[in-house]
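Notes follow the structure.
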Amino acid sequence: MLVECQQLSKSFGRHRAVSDLSFTLSDGVVTGFLGPNGSGKSTTMRMMLGLDHGEGRTLYDGQPLTEHPKPARVVGAHLDAKFFHPKRTARNHLRMLAAASGADDRRIDEVLDLVGLADVARKQPRGFSLGMGQRLGLAGAILSDPSVLLLDEPANGLDPQSISWLRDFIAYYAGEGRVVLVSSHLLSEMQLLAKHLVVIGRGQLIADESLEDFVARSTRNDVFVRTPNSDALIAALADRGVASIREGAGISVPGADTEMVGAVAFACGAELHELTRRTASLEEAFLEVTSQTQEYSMGGHHDAPAEGGNR
């Protein structure tokens, strides 16, 4: 399955939530969908499903979702941990969803067991914790065994063990040849999970590349050196056009590799006490790249103004 988002755009009044956004999702790959609060992630995902209308289009194997005979078997989505009737049991909630896709009771019981809700299948979700609501939402998303899975902050409310389980499940699902797009603010988890990233800010595309390439672009990647001959090493690096920065008891050489710095140190006779390659985390790279696109302060948690009714 190939998913193509083509020039998606959406405005809420005067606010441009998504602007000319295009990217492609490939099967077999977990793609992380990242952006600051207010960047338009949730709005984009709703547009991909046809829940929000705007400009542009999303094609699933070359066709809009509405032209597929059974859309539920094309894409499954989990966008809201509380998207269920509070008085309908967990099992009956899934039975309602199954009516649109043709999934049978056996499949319902299978996914309830898979997400760890078999023991509460006959209970009403109004008493569920946020984490249990997340599990029920995921059960609904995978009920029809879709080719595409869209998950918006699926780890919210989960304990560490559940987050680990979710990570393994998503990796397994993509490994079966499916398309998986995951939005999350848990960047440490995303670094373990995603192979590709789509990063947006203020509704516009910032990056569409592998996680490895995204992190490699960070200026936080450097070589750290400790030497009693720091002045000599700094001068020798400068002679070769390499910038360095004093950092505490050592020297930071941004964008360098240990082989080059070690060779320069050897050539100038600098004794090395430490020579370490430091790689930026996804969080560091993300904060660096999106620093100019923070649309809301610490109190803001929405991708669109209140008049839009959703993020």
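Dividing the Cα radius of gyration of region 222-278 by its Kirkwood radius returns 0.89 for Rg/Rh. Between Glu284 and Gln204, how many nm apart are label points set 7 Å from Cα along the C-beta direction? Spacing of the two 7 Å Cα→Cβ label points: 2.8 nm. Label-to-label distance for Asp213 and Asp231 is 4.5 nm, based on points extended 7 Å past Cα in the beta-carbon direction.
Average projection, convex hull of the Cα set of the chain: 19.3 square nanometres. For Gly116, the amide hydrogen comes within under 5 Å of no other amide hydrogen, counting only partners 5 or more places away or on other chains and with H modelled in the peptide plane.
Largest first, the three principal axis extents of the alpha carbons in region 246-290 are 41, 21, 12 Å in whole numbers. A straight chain from Asp109 to Gln63 at 0.36 nm per residue would run longer than the Cα-Cα distance by 13.4 nm. Straight-line reach from Lys87: taking Cα to Cα under 18 Å and skipping same-chain neighbours fewer than 8 places apart, the lysines in range are Lys123. Simple spin-label estimate for Thr24 and Asn156 gives 3.2 nm between the two label positions (7 Å along the Cα-to-Cβ direction from each Cα).
Coordinate-derived values only; no laboratory data. Worth saying up front: this structure is predicted, and the values here are computed from it rather than measured. Cβ: placed from backbone, ideal geometry, glycine included. Neighbour counts: every protein chain shown.
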